[in-house]
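Have a look at the structure below, then the notes.
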Amino acid sequence: MENKVKPIQQTSASSGHGLIFVTKAFEPPFEEYMELMRGVWQRGWFTNNGQLLRQFEQALEEQVGLANPLFMVNGTIAINLMIRALNLKGEIITTAFSHPVTTICIIWEGCTPVFVDIDPDTFCIDPARIEERITPRTSAILATHVYGLPCDVEAIEAIAKKHGLKVIYDGAHAFGTKYKGESLLNYGDVSSTSYHATKVFHTVEGGSVQTKDPEIFKQVKLMRTMGQFGEQFFTMGLNAKNSEMHAAMGVANLPYLDAILAQRKHQWQCYAQALAQVPVQLAKVPADTEYNHAYFPMVLRSEEELLTVRKALDDRDIHPRRYFNPAITELPYINRAGECPISESVSHRVLCLPLYYGLEDAVIDEIADIIAAAVD
Ligand SMILES: *Cc1c(COP(=O)(O)O)cnc(C)c1O
C-alpha cells in the first residue's frame, strides 16, 4: 500500500525566503522526541495520567512556576472546565477583544456574556468600564491577557473583591509572561493557557489550568477525567485528558523555552526599532512585566491602510494575520455590534506580523521596509 504524500515544493518567484506565515511551530530535535517515544512504547502506557504527563506537569510547576498545573487536551476545554468548576451562573463580564472561543465557552456553559471594551494600549479589558456592567446576576469576570500582555490584574481583583465576583483569566497567549516576578498565569482565582502549535510554546494540541485554590484544583482535576477517579464516579466531567504523545512534545520543548523567549524578545525589538518612524501603533508593555513577546500586533490608521499593507506583504509571500477580526460583539452569532467601539475599531485595523523562533532578522527588516513604503 503506497500512501506517502509528496511534500509540495514551496518556492517563491518574488522573494528569496519562501512562504512566511505569522507563526511556525517550534521543532525540538527529532531524536529527542523519539527517545521519549521509546519509553512510551516500553511502558505500553499511552494516556491516562502517564509518566510523561506527570513529568511535564512537574516541570511546568518547577521550571515555569505555574501553580498546580493540570495539563489537558486544549485551551478551549480548559475554559469550559474553569467555568464548570466554579459553578458559575448568570452573567459573566468579559472582553470584546479576544478569540471568539472565550465567549463561546461562556455560552456553552449556560451563562450570559456581558461585554466590556478594552484599553487601546494593552488590548486587554478596561477595568474602568467593568463596574457599570455589574448587575445582581453577575457571577464572574473572564478576561484575556491579549497577545500575552497582562490585564490590569490588581484593578480587576479589587473590583471582584468589592462585588464578590470570581476572576478567571484566559491566558492562552500568556505562557512565559511574568508580572511582578510571578507567572501571569497565577493571577485570578484560576487561569487557563493553550499549548496549541500556533502559540508561543506548544505540545501540538494542549492546554492547562492552574490555580492556587485547592478546591478549584480538585474540581478541575476530577472534571478532566469525566468526574471519575479509579472506579468511582463523583461528578459530571468530560474527557479533557491529554496523551503521552502530547506530553512528550512539552517535555521535549521545555528545555528550549528560554532560548525561544530570548529570540522572540530580540525579534520583537527589531520590529519595534524598524517601525519606530512609521505611523503605526505598537503594543505598550505595562510596567513590572517580563513579556513573552507572543505576538507583534501593529495597529494601522484605517482598515483601508491595513488592506494595502497586507496586499504588499502578500505579494512578497509574507502572510501576517488579522488577530482578532471582527470583535466578538460583531460576530453574527453574537450580534452586539456597537457595544464596544474601541474593540471594534482596533479589530478592523490590527495586523499581527510574523514572529517565531528561527525567523531571520533580514526578513524582519524586509517586512518593516514593505510596511514603511505601503503606509506612506
Ligand atoms: C488559541 C486560543 C484559545 C484556545 O486554545 P486552544 O488550545 O486552541 O483550544 C483560547 N483563547 C484564546 C485567546 C486563544 O488565542
Exercise. Set Lys and Arg Cβ to +1 and Asp and Glu Cβ to -1, take the dipole of the chain about its Cα centre, and tell me which of TRP108, PHE234, HIS293 lies farthest positive.
Key: PHE234
Quiz item: How many percent of the accessible area of the chain is carbon or sulfur, using a 1.4 Å probe?
Solution: 52
Quiz item: So which of LYS24/LYS162; LYS178/LYS311; LYS178/LYS218; LYS162/LYS212; LYS162/LYS218; LYS162/LYS265 end up more than 31 Å apart by C-alpha?
Solution: LYS24/LYS162; LYS178/LYS311; LYS162/LYS265
Quiz item: Which Cys residues of the chain have no other Cys beta carbon under 4.7 Å away?
Solution: CYS105, CYS111, CYS270, CYS340, CYS352
Self-check item: Relative contact order (percent, whole number), the chain, Cα cutoff 8 Å, 6+ residue spacing
Solution: 22
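Would you mind getting the accessible area per residue of region 274-376, heavy atoms of the protein chains only, 1.4 Å probe, in Å²?
Heavy-atom accessible area per residue stands at 45 Å².
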Quiz prompt | Neighbour net charge for GLN219 - beta-carbon separation under 15 angstrom, K R +1, D E -1 | solution = +2
Quiz item: Are there chymotrypsin sites (Phe, Trp or Tyr not before Pro) in region 35-95 that DSSP marks as loop and that have at most 16 other Cβ atoms within 10 Å, and which are they?
Solution: TRP45, PHE46
Quiz item: Just the Cα atoms of the chain, one point each, no solvent: what log10 I(q)/I(0) does Debye give at q = 0.09 Å⁻¹?
Solution: -0.54
Self-check item: Average accessible area per residue (Å²) across region 92-174 - probe 1.4 Å, nucleic acids and ligands excluded
Solution: 34
Quiz item: What is the Cα centroid distance between region 269-328 and region 64-108, reported in whole angstrom?
Solution: 27
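Antiparallel as a % of all DSSP beta bridges within the chain, to the nearest 5? Working shown, then result.
Working: 22 of 41 bridges.
Expressed as a percentage, antiparallel bridges in the chain total about 55.
The values are calculated or read from the model by the stated rules, or taken from the named source; none is laboratory data. Every value quoted in this text rests on a predicted model; they were computed, and no experiment measured them. Cβ atoms come from the backbone with ideal geometry, glycine included; neighbour counts cover every protein chain shown. Side chains included, ligands, DNA and RNA excluded: accessible areas come from the protein's heavy atoms. Shrake-Rupley method; radii C 1.70, N 1.55, O 1.52, S 1.80 Å.
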